[in-house]
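J.: Starting off with a structure, shown below.
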């Protein structure tokens, strides 16, 4: 059994870690958004520029058509309400999810933004059912 001093030290370290994670989360998200905006505007600094994408190896399988859309819509159906949550649940890059969600909100009307975050519209539920039946 651990000593009271050890237990107290572990608790203090865990509490401090939790506090630091909360303090860092906001600025890191804002920094990522600024970097994304700079890249979109073509004004990325040398530290934020990404190398050009390497060609996909011939042996790497290509994702099925609509796989990304299906993953995003499925994540929203399963409770993800922000692009970050969707990206995490769907194992996709956050910038790609942001672009897709914007398209789904503005153009294709598959998603709507409500008081509790993103939700599927009837068209979104129908599209997801179509994608799942094709798979």
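The values are calculated or read from the model by the stated rules, or taken from the named source; none is laboratory data. Quick caveat, the model's predicted, so the values are computed rather than measured. Every residue, glycine among them, receives a Cβ derived from its backbone with ideal geometry; neighbour counts consider all protein chains shown.
J.: For the structure I just gave you, tell me whether residue 13 is outside the structural domain of residue 125 (by TED's automatic domain parsing), at pLDDT 75 or above and more than 30 Å from residue 114 (Cα to Cα).
T.: For residue 13, the condition - outside the structural domain of residue 125 (by TED's automatic domain parsing), at pLDDT 75 or above and more than 30 Å from residue 114 (Cα to Cα) - is met.
J.: Here's something else I'd like to know. Scan segment 107-135 residue by residue and report those that are free of Cβ contacts under 8 Å to residues at least 24 places away in the same chain, surrounded by 12 or more Cβ atoms within 10 Å (Cβ to Cβ) and part of a loop (DSSP other than H, G, I, E, B).
T.: Those that are free of Cβ contacts under 8 Å to residues at least 24 places away in the same chain, surrounded by 12 or more Cβ atoms within 10 Å (Cβ to Cβ) and part of a loop (DSSP other than H, G, I, E, B): 108, 109, 121.
J.: Moving to a separate point now. For segment 81-102, indicate whether the set of residues that are exposed (fewer than 11 other Cβ atoms within 10 Å of the Cβ), modelled with pLDDT under 75 and assigned to a loop (DSSP other than H, G, I, E, B) is non-empty.
T.: Among the residues of segment 81-102, not one is exposed (fewer than 11 other Cβ atoms within 10 Å of the Cβ), modelled with pLDDT under 75 and assigned to a loop (DSSP other than H, G, I, E, B), which makes the answer no.
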